[in-house]
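Colleague: Before I ask anything, let me first share the structure, which is written out below as C-alpha cells.
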Amino acid sequence: MLTKEDLAKYPSIEPAREYVRQFNIDIATLADEYPAIVNRARQILRDIIVKGVYTYVSNDFETEILAFPVVRLFIDAIGDDWLRRRFAVAFSKRVGQFLQKEENEKILEIARMPGNVSEHGWNLIYEIKRVGVKFYEWKLHFKDYLSTAVHFHDITWKMCNHPVSNGYVRLTKRELARLLAEAFKEKILEKRVPKRFIELPDKLMRILEDIEELIKKYKKEVIREIPIKAEITGGVYPPCIQYILERTERGENLSHVERLFLMFFMLDIGKAEEDVVNLFRKMPDFNEERTKYYVKHAKSKGYTAHNCDTLKTYGICRPTHKWCSEGTIKNPLVFYGRMSYILHKERRTKNEK
Amino acid sequence: MKSRAKSILLLKSLFGAYYKENDIPTPPQFSKREFGFMLWTKEGMIRHKTFYNRSEFLMFLRKNVPKNAYRSAAYYLDPEAQNMEGKGWLGADLIFDIDADHLVTKCKETHDKWVCTNCGAKGLGKRPDQCPNCKSTVIDEITWICDQCLNSAKDELFKLLDFLFSDFGISKEEVKIVYSGHRGYHIHVYSETVRELSSEGRREIVDYVSGTGVRVENLGLVEISVGGRKSIVGPDLNTEGWGGRLVKSIIKLFSSHNIESILRDAGIQRNKIEILLNNKEKVIKALSTIPPRWDILQGIGISIWKKIASVAIKLSSAQVDEPVSIDVHRLIRLEYSLHGSTGFKVIPISVAEIEKFDPFKDAVVFKGEKEVIFRDYCPEFRIGEEVFGPYQEDEKVELPLSAVVFLLAKNIAELS
C-alpha cells in the first residue's frame, strides 16, 4: 500500500496524480489559495536550473506532491527544451536514489501499476537467484527491459550480459532502480502541453518571468556558446560524431559511453581542453568541475577514440556515409583524417581558381 | 523472338498457371498489411498496395502474375498511404532472415561465379572487390544454391529457434518458419510481446542471438582471490542465458575433432594448446559438473579461458541478417508465392517438420518436361531426388519442368 510519503517521493505516479485531482485546483486561483505550493515549485525550479538537482523536503508531503504538477506547468509554459531535459534528468536521479533504498513490495507496486512507468505497467517478478558471484533479486520481462534499457549505451546493459530465461531478464536491485528511474524520465518527457495552450494568471506569469530570467542568466554564464558549433554542418565529422554533436547542440542527454567517445575523439583531433569542456555545457546535468576533471584526465592518459566495431556494439555507429557502410574505415578518426584532407584539397583548388 | 524473352514468357505463363490453380492464403491480418510486387516486364517494385478482401488479393495475383511478391511485417492503419508517416504504424511482427549468402561455406568456392562487366573476366567463388584483370569495381555475381548452403542455413535456424524458445520464452505456436524460395529461411514471430518493439529493441535481440557485445565477465567468468589464492569461477551448464550457452559450447568444442586448429586460430600459445589437448576429457568433466571447476588445469589462466570463450560464443551464436530484423517497415516475401529467381515456392514449415524439410523437393512446384540450351557452365544441382549436371555452355538437354524453371529463373539457360 502506497503512503502519502511515497507519493511525495514519486509524485509523477498515477496515485499521486489522483491525489492532486481531489483538490480540484484552479490555475486562476492557485497563487492565492496555495502560495506555499507555488513557492515550493519556484524553489524546485531554481534548484533544477542552478544545481541540476530536484530537491526533496521530507517534512511536508502534501506540498511536495502538489508542487510537482505546478513545476510541470511552469516547464510547459516556458517551453524550453533544455529546462525540460534538465528537470527530467534531475527528477529521474532523485527517483533512482529513493528506489535503491525502497522496500521490494513498494517497488513491485509502483512498477506494475499501469501508467507509472509504461501504459500497461511492467511485468516484474521478485525472485532471488545467485549467478556466479552476483545476486539477482528481480526478473523483468524482456519487452519491458528493452523499452528502457536501449537508452543506455553501456555494454553491461546489453541483454546478452544478463541471465535471460523464458522471457525474463534478471536484474540486481541497483540495476532495477536505475532502469525504473530511466523509465520515469522517459514517461515525464513524453507528456507535455504545448506552450500556446497555456494561459497563466498575472501572479504566476511574474514567477514565470523570474524563472525565464534565471534560465537566461544561467545559460549565458554556464552554457555559453559552443565554439565547435560552426563545424557541425561542415561535413568533416564522421556520422556518429555528427549525430552526437547535433544532440549536444540540442541539449539532449548523452550516455556515459557517448560522452567518453566525444571527449576522446575531440582530444584526439587536437581540440583544446577548454573547447572540449564547452561541448558539454548544454548537457542537462552539466557539472563544470567534474567535466573539467574528466577531460584533463583523458588528455593526460592519452585515450584514443573507440573503434568502429566497439561503437557498433554500443549502438553508437550510424553508418550513413558510404565509407562507414562499406566498412572501409575501422576508426572514426580515419574518417575525420580522410575527410579533412579532401576538404582541404577542395578549398585549395577553389582558391587557386 | 529472342530466347530470353521466350524464357520469360514461359516463366510468366507457368507462374500464372500456379496462381490460377492455387488459392494462395492471405497472411494474418492482411488488410492491415502493405503489399509489394515485382513484375516480369517492368523495372522496380509496386509498393503501398493493400487488399480489403481475399478475392481482390487472388484476383491481383492471377491478373498481374508477379515475378516476386512481398508483404509487410508491419500492421498499419492505412497501408496504402504513400509515405511511412501517413501509414500509421501499429506494430510489426519480429522477423529474422537467415541467408546462406551471408554464411561462410566451402561450397561457394565451387559454385558461385563472378563476371567483370567491363572486361568480361570470370572467376569462381565470391565476387572480388576489384577485377583482377582491369581493376573495375563493377562486377556481376551469379550465386548458386546447393544442399550444403541450405543445410548451413538450417543449422543457424536451429540455433535461433533455441534462443527464441529457451531465452525469450516464445512458444512454438507463435513462430512461423518460411523457406524463402531461394537461399534461406525467414522466421516470423507473431507475439504481442514483440509487436510494439522499437527498432533499437529489435537490434538488441539481434545482438543477443548473434552474441554481439557478450562480455564474459558479465556472464560470471572471473578470477577471484580467496585467502590470497587466485581462483577462476564461472557459469555452469544450468546458468540462464549466455552463461549456460557458453559452457555447453566449450564442452562441444572440446569434443570436436578440429579443436587443435580452432585453439590455434584463437591465438593460444602452442604450449598451452598442448596442455588443453592432453586434458580434453578432464575439461569436459570439470565443466559438466555443478559447480564447474574452471581452474582444473594448471597453467590455464583466465586469459586463456577468455580466448576459448570468444570462439565458443561465435560457434553458438545464430547468424541472422540484422537489417531485416531491425527495419520495422520491411517488406518480406509473401508466403506461398513463387520466387522469381528459382521458381520455388515460398513455403511455411512447422517447427516439427523443419528437420525433414527438403527445399529441393518440398518447394518444387512444376511438373512436365522441356528442352533447354545452356548459356554458361552450370554446376551440379538437385531437384527432388534427381541430381542434374554439371552442364557445359551450349549443351542442349531435355529436363523436368521444375528444373527448367529453376534454370530459366536463374538465367543460366534458355529454351531451345
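The values are calculated or read from the model by the stated rules, or taken from the named source; none is laboratory data. Small disclaimer: the values here were computed from a predicted structure and weren't measured. Note that each Cβ is placed from the backbone with ideal geometry, even for glycine, and that neighbours are counted across all protein chains shown. For the accessible areas, the whole protein counts, side chains as well, though only heavy atoms, and no ligand, DNA or RNA atoms are used. Shrake-Rupley method; radii C 1.70, N 1.55, O 1.52, S 1.80 Å.
Colleague: With a 1.4 Å probe, how much accessible area is buried between chains B and A, both sides summed, in Å² to the nearest hundred?
Modeller: What B and A bury together is about 2300 Å².
Colleague: A further question on this structure: Kirkwood hydrodynamic radius for segment A:1-72: how many Å is it when counted over pairs of different Cα atoms?
Modeller: This gives a value of 12.4 Å.
Colleague: Something else now. If you roll a 1.4 Å probe over the heavy atoms of the protein chains, what accessible area per residue do you get for chain A, in Å²?
Modeller: 49
Colleague: List the pair-distance distribution P(r) of segment B:1-154, using every Cα-Cα distance, as the percent of pairs falling in each 10 Å bin from 0 up to the bin containing the longest distance, rounded to whole percents.
Modeller: Spelled out per bin, shortest first, that is 9, 23, 28, 27, 11, 0.
Colleague: Any idea what diffusion coefficient chain A gets from Stokes-Einstein, in µm²/s, Kirkwood Rh on alpha carbon pairs, 20 °C, 1.002 mPa s?
Modeller: So the translational diffusion coefficient is about 95 µm²/s.
Colleague: A follow-up question, please. Could you give the radius of gyration (one decimal) and Dmax (whole number) of the Cα atoms in the protein assembly as shown, in Å?
Modeller: Taking only Cα atoms of the protein assembly as shown, I get Rg and Dmax of 30.8, 98 Å.
Colleague: Between B:231, B:189, A:180, whose Cα lies farthest towards the positive end of the dipole of the protein assembly as shown when Lys and Arg beta carbons carry +1 and Asp and Glu beta carbons carry -1, centred on the Cα centre?
Modeller: Checking the options against the dipole of the protein assembly as shown, the answer is B:231.
Colleague: By what distance, in whole Å, do the Cα atoms of segment A:273-353 stretch along each of the three principal axes, largest value first?
Modeller: 47, 35, 26
Colleague: Positive end of the charge dipole of the protein assembly as shown (Lys, Arg +1 and Asp, Glu -1 on Cβ, about the Cα centre): tell me which of B:178, B:216, A:111 has its Cα farthest that way.
Modeller: Comparing the listed Cα positions along the dipole, B:216 ranks first.
Colleague: Over segment B:367-416, with the other protein chains present, what is the accessible area per residue in square angstrom, probe 1.4 angstrom?
Modeller: 48
Colleague: Could I have the simple spin-label model distance between residue A:1 and residue A:297, label points 7 Å from Cα toward Cβ, reported in nm to one decimal?
Modeller: In this crude label model, residue A:1 to residue A:297 measures out at 4.7 nm.
Colleague: Where a Cα-Cα gap under 16 Å defines reach, which aspartates and glutamates qualify for residue A:134, not counting those fewer than 8 residues away within the same chain?
Modeller: A:175, B:217, B:223, B:236, B:240
Colleague: So, one more: Calculated from DSSP H runs of 4 or more alone, at -39500 (n - 2.57) each and per residue, what is the 222 nm mean residue ellipticity of chain A, nearest 500?
Modeller: -18000 deg cm²/dmol
Colleague: Would you mind pulling out the separation of the Cα centroids of segment B:188-264 and segment A:283-333, in Å?
Modeller: Here the answer is 26 Å between Cα centres.
Colleague: Still on this structure, please answer the following. Other chains' Cβ within 10 Å of A:142-152 residues: what's the mean?
Modeller: Rounded to a whole number, the mean comes out at 5.
Colleague: Once you have a ≥ b ≥ c as the square roots of the Cα gyration tensor eigenvalues for segment B:265-416, tell me rounded if a/c is under 1.5, and otherwise prolate or oblate according to whether a/b is larger than b/c.
Modeller: prolate
Colleague: Cα to Cα, under 19 Å, and not fewer than 8 places away if on the same chain: which lysines meet these conditions relative to residue A:299?
Modeller: Qualifying lysines at Cα under 19 Å: A:271.
Colleague: Same structure again: How much net charge surrounds residue A:208 when only other residues with a Cβ under 14 Å from its Cβ are counted (Lys, Arg +1; Asp, Glu -1)?
Modeller: Net charge in that neighbourhood comes out at -1.
Colleague: Next question, about the same structure. Apply 1/(1 + (r/R0)^6) to the Cβ-Cβ distance of residue A:154 and residue A:119, taking R0 = 30 Å, and write down the FRET efficiency to the nearest 0.05.
Modeller: E between residue A:154 and residue A:119, to the nearest 0.05, is 0.70.
Colleague: Given q = 0.06, 0.07, 0.10 Å⁻¹, what are the Debye log10 I(q)/I(0) values for chain B, with equal point scatterers placed on the Cα positions and solvent ignored?
Modeller: Normalising to I(0) and taking log10 leaves -0.32, -0.43, -0.82.
Colleague: Tell me the relative contact order for chain B as a rounded percent, counting alpha carbon contacts under 8 Å between residues six or more apart.
Modeller: Once divided by the residue count of chain B, the mean separation gives 17 percent.
Colleague: Oh, and also: For the peptides B:270-281, A:242-253, what is the packing order when you average, over each peptide's residues, the other Cβ atoms within 10 Å and list the highest mean first?
Modeller: Going by the mean number of other Cβ atoms within 10 Å, highest first, we get A:242-253, B:270-281.
Colleague: Which value results for Rg/Rh of segment B:202-358 when Rg is the Cα radius of gyration and Rh the Kirkwood radius based on the inverse mean 1/r?
Modeller: Result: Rg/Rh = 1.10.
Colleague: Ignoring any ligand, DNA or RNA, what whole percent of the accessible area of segment B:216-316 comes from carbon and sulfur when the probe is 1.4 angstrom?
Modeller: Roughly 50 percent, rounded to a whole number.
Colleague: Pairwise over distinct Cα atoms, reciprocal of the mean inverse distance: report the Kirkwood radius of segment A:102-192 in Å, one decimal place.
Modeller: Every distinct Cα pair counted, the radius reaches 13.3 Å.
Colleague: Per residue of B:231-238, how many C-beta atoms from partner chains lie within 10 Å of its own C-beta, taken as a mean?
Modeller: Per residue, the number of nearby Cβ atoms from other chains is 1 on average.
Colleague: Then there's this: So, in Å, what gap is there between the alpha-carbon centers of segment B:48-120 and segment A:165-194?
Modeller: 35
Colleague: Per residue, what volume in Å³ does the convex hull of the Cα atoms of segment A:47-116 enclose?
Modeller: Roughly 111 Å³ of hull volume per residue.
Colleague: Please state the shape class of segment A:1-136: rounded when a/c is under 1.5, otherwise prolate if a/b exceeds b/c and oblate if not, all from the C-alpha gyration tensor.
Modeller: Taking the square roots of the gyration eigenvalues as a ≥ b ≥ c, segment A:1-136 is prolate.
Colleague: Here is a follow-up. Quick one: which bits of segment B:151-200 get at least 30 Å² less accessible when the partner protein chains are in, versus the chain alone, with a 1.4 Å probe?
Modeller: Output list: B:167, B:168, B:193, B:197.
Colleague: Can you compute the FRET efficiency between residue A:318 and residue A:32 using 1/(1 + (r/R0)^6), with r the Cβ-Cβ distance and R0 = 56 Å? Round to the nearest 0.05.
Modeller: E between residue A:318 and residue A:32, to the nearest 0.05, is 0.60.
Colleague: So, one more: Describe numerically, in nm with one decimal, the distance between label points set 7 Å from Cα along Cα→Cβ at residue B:192 and at residue B:369.
Modeller: Label-label distance for residue B:192 and residue B:369, simple model: 5.7 nm.
Colleague: Mark the label point 7 Å from the Cα of residue B:226 along Cα→Cβ and return the residues of segment B:272-301 whose backbone N is within less than 13 Å of it.
Modeller: B:291-296
Colleague: Would you mind putting B:300-311, B:38-49 in packing order, based on average other-beta-carbon counts within 10 Å, highest first?
Modeller: By packing density, highest mean first, the sequence is B:300-311, B:38-49.
Colleague: Now a separate question. If each residue of separation counts as 0.36 nm, what is the full-extension length gain between residue A:103 and residue A:246 once their alpha-carbon separation is subtracted?
Modeller: Full-extension gain reported as 47.4 nm.
Colleague: Summarise the partner chain shielding of A:127-135 as one whole number: the mean count of Cβ atoms from other chains within 10 Å of each residue's Cβ.
Modeller: That works out to 4 on average.
Colleague: According to the square roots a ≥ b ≥ c of the eigenvalues of the Cα gyration tensor, what is the shape class of segment B:367-416, taking rounded for a/c under 1.5, prolate for a/b larger than b/c otherwise, and oblate for the remainder?
Modeller: Judged from the Cα gyration tensor, segment B:367-416 comes out oblate (a/c at least 1.5, b/c at or above a/b).
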